[in-house]
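Engineer: Please find one structure pasted underneath; my questions will follow.
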Amino acid sequence: MRLPARGRAGGKVILLGEHAVVYGYPALAGGLPTGLEVELAPGAGPTVRSEAIDLAGDPRPLGALEEAAALTGIDAAGIEARVRTELPVGRGLGSSAALVVALLRACAAAAGRRLAPEEEVALGRRLEARFHGTPSGIDPAAAALGGCLRFVRGDPPQIAPITPGAPLPLVLAFGEASRRTATAVAGVRERWQRDRSACEALFERIGEVVTRGVLALRRGDLPALGACFDENQTLLERLGVSTPEIERLVAVARAGGALGAKLTGGGGGGAVVAVAADAPALAAALERAGARTLRVTL
Ligand code: MEV
């Protein structure tokens, strides 16, 4: 085994289609340059340590390390995984997906090999199920592949890279921490079991918004893409995954010149993503309203 070994992966931002994607509808996501690194070193392991993430009482990262080691053919005994992250944790930006992809990459490096992108996507989804039970697989796909992609779940999933017709300036704003994605996904499932036709109708409309959004992104038509963000936010509110704090930040973003704004990820708190016409001015407006911000261009 080759130690120390490192693996890195970026976070993700769901641009359109979260939740509906779990039920087979398309979604649009982007990989973030901001990410997370895992270093495997000899130690009193298997163990996972991080200065940034509170792992006390959370068995999931250790379970993911052990499974990633088994899948890549290395022995986890005696391995210490050190996690360094630039991603805000619990804000819907895919820190658990970045963690599982970075673990897979580090374990593969320790085994002296590299995983093919399709393997990273498939194994990443398998490991991510430890973090939330019925993932669509979009988060590890975005973390593994980067860039913008249209995603439809499946075995294998349908993944189409999308080249934006113009750079896409986004401002992300963080208020409260989100509920665990697992809780948000389970909440939608309960609702779907109670009232399938209402939920399916919302998913159907979200799928249509995604289709229009993909075309707008390809054309580089940012106002049209922003309008899709606004429509998707309304549908997510009807689905019950928004919160008053998200809606406050969405309103601040729109008043601050955003071309469109919505929650991103599981919801129930977490981050808002806005298409910016003037990113510095929009970030300043959101910061005046008490949010932390991150500016990215996809
Ligand atoms: C979470 O980033 C996105 C969800 O659609 C869950 C999933 O697709 O696995 C809420």
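Engineer: Does at least one position in the range 10-20 carry a residue that is more than 20 Å from P117 (Cα to Cα), within 14 Å of the ligand (Cβ to nearest atom), in a helix (DSSP H, G or I) and under 22 Å from the mean Cα position of the chain (by Cα)?
Structural biologist: yes
Engineer: If I go through the range 118-144 residue by residue, how many of them are basic (K, R) and more than 9 Å from the ligand (Cβ to nearest atom)?
Structural biologist: 2
Engineer: Okay, next question. Could you list all residues from the range 47-88 that are modelled with pLDDT under 90 and either among the charged types (D, E, K, R) or buried (at least 18 other Cβ atoms within 10 Å of the Cβ) (or both)?
Structural biologist: Scanning the range 47-88 gives E51, I53, D54, D58, L87, P88.
Engineer: If you don't mind, another one. Could you give me the residue pairs with C-beta distances under 9 Å whose first residue belongs to the range 247-264 and is farther than 17 Å from V210 by Cβ, whose second residue is modelled with pLDDT under 95 and crowded, with 24+ Cβ neighbours inside 10 Å wherever it lies, and which are 6+ apart or on separate chains?
Structural biologist: As it stands, the answer is L249/A271, since those pairs meet every condition given.
Engineer: Further, regarding this structure: Checking G133 against (1) at negative phi; (2) more than 19 Å from the chain's Cα centre (by Cα); (3) among the small types (G, A, S), which test does it fail?
Structural biologist: Among (1) at negative phi; (2) more than 19 Å from the chain's Cα centre (by Cα); (3) among the small types (G, A, S), G133 violates only (2).
Engineer: Suppose we filter R292, R254 for residues that are at pLDDT below 95, touching a strand residue (DSSP E or B) at 6+ places or on another chain (Cβ under 8 Å) and away from the ligand (no atom under 16 Å from the Cβ); which single one remains?
Structural biologist: R292
Engineer: Take the conditions assigned to a loop (DSSP other than H, G, I, E, B), among the hydrophobic types (A, V, I, L, M, F, W, C) and more than 14 Å from the ligand (Cβ to nearest atom) and apply them to A201. Does it pass?
Structural biologist: no
The values are calculated or read from the model by the stated rules, or taken from the named source; none is laboratory data. Quick caveat, the model's predicted, so the values are computed rather than measured. Quick reminder, even Gly has a Cβ in these numbers, built from the backbone with ideal geometry, and neighbours come from all protein chains shown.
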